[in-house]
1. Whether any residue in region 63-79 is under 20 Å from residue 39 (Cβ atoms), over 16 Å from the mean Cα position of the chain (by Cα), modelled with pLDDT of 95 or more and in a helix (DSSP H, G or I) is what I want to check.
2. Checking the conditions here, which among 20, 2, 14 is at negative phi, at pLDDT below 95 and more than 19 Å from the chain's Cα centre (by Cα)?
3. Could you list, in sequence order, the residues of region 61-80 that are touching a helix residue (DSSP H, G or I) at 6+ places or on another chain (Cβ under 7 Å) and surrounded by 13 or more Cβ atoms within 10 Å (Cβ to Cβ)?
4. Can you tell me which condition residue 122 does not meet? The list is (1) assigned to a helix (DSSP H, G or I); (2) closer than 15 Å to residue 18 by Cβ; (3) without any contact (Cβ under 8 Å) to a residue 60 or more places away in the chain, and all the others hold.
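The values are calculated or read from the model by the stated rules, or taken from the named source; none is laboratory data. Bear in mind the structure is a predicted one, so any value in this text is a computation, not a measurement. No Cβ is skipped: glycine too gets one built from the backbone with ideal geometry, and neighbour counts run over all protein chains shown.
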């Protein structure tokens, strides 16, 4: 069953647009932040650290995948935001406190909403019928 789930996910990533892949990464980061907070609340510090590090890895991937040539100021701003969020996660890990993760989660949810709007506009654009003059 695990292989089937893995194959399904791999296929889903392969057919996704670049923007949809970004949304998938955000979903993963948010899922790991939720797990980190739950682990922290339950006093499971090893699991807390592991899920927090997974979130940091996703943010690092998002930051490293930015195209600063094509993205200009937007990619520079996103890079700064991702760097800030990474710092907040590292701080939460060091202090074993929820504040940095909670802040990062709020900001990531806001950013994800923006990316989802882009996905929706791409879907609407591709659904529009072509007109020939």
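1. no
2. So the residue among 20, 2, 14 that is at negative phi, at pLDDT below 95 and more than 19 Å from the chain's Cα centre (by Cα) is 2.
3. 61, 62, 63, 66, 75, 79
4. The failed condition is (3).
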